[in-house]
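First the structure, in the form of structure tokens, and then the observations on it.
Laboratory data are not the source of any read-out in this text; all were calculated from the coordinates shown. All of these numbers come straight from a predicted model, not from anything done at the bench. Neighbour counts run over all protein chains shown; Cβ positions are idealised from the backbone, glycine included.
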Amino acid sequence: MCLRTFKLVFLMTPFALGGCVQNYAPSIPDGYSQPIYGVGYAVIEVQNGSSVEEKRLMAVKASKLEAYKSLVEQLYGQYVEVSGQMTNSRIGEEVFRSRVEGIIYGAQLVEIKPIGEHSYETTLRLGGDEIDDMIALSSQANSSPTLD
């Protein structure tokens, strides 16, 4: 009986001690997030405008909005919806829709530059502190209590 008790204690000791081990992995401090960059492009020719100069300005604006969209995608992800029709066991047309949604503030304009003679590229930078703030705000909004 004593040998059986000894074996039981010997086998159970690692499990008991394993429950006492603490995790020493450091937590990520605030402000640790790396900056992210959003890049947007726009073609001059397809823009609305009565003159070439007006189309250029609209292309700059469109490329900036595309850069903001890129930042939103990186922070919040992209919602994708796919729908299709089936008739007589045959798949018809499939429709893909995507949407990005989020709030961006504090983005810095890094560069607006022409790409050749026909388009513009805009680059925006979002610093780590702003990213941490927006993620915190987003998680607070998603976890807010609802009224029954």
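If the chain linking K61 and E45 were pulled fully straight, counting 0.36 nm for each residue of separation and taking away their Cα-Cα distance, it would gain 4.4 nm. By the scheme Lys and Arg +1, Asp and Glu -1, what is the net charge of all other residues having a beta-carbon under 10 Å from that of G102? Value of the local net charge: -1. Residues in the stretch 88-121, backbone N under 20 Å from the label point at V82 (7 Å along the Cα-to-beta-carbon vector): list them, ranges by number please. Label zone hits: 88-100. The charge dipole of the stretch 38-142, taken about its Cα centre with unit charges on the Cβ atoms of Lys, Arg (+1), Asp and Glu (-1) only, comes to about 220 debye.
Sort K69, K64 by Cβ crowding within 10 Å, fewest neighbours at the top. It would help to have the intermediate numbers written out before the result.
Details: K69 16, K64 20.
The fewest-first ordering by Cβ neighbours comes to K69, K64.
The chymotrypsin sites (Phe, Trp or Tyr not before Pro) found in the stretch 56-124 that occupy coil by DSSP, while having at most 15 further C-beta atoms within 10 Å, are Y105.
Close amide H contacts of E121 (hydrogens built in the peptide plane, cut-off under 5 Å, sequence separation of 5 or more or a different chain): K113, I115. Distance between the pseudo-spin-label points of D132 and S89 (7 Å out from Cα toward the beta carbon): 6.0 nm.
In loop segments of the stretch 44-104 as defined by DSSP, the GluC sites (Glu not before Pro) with at most 15 further C-beta atoms inside 10 Å of their C-beta are E45, E101.
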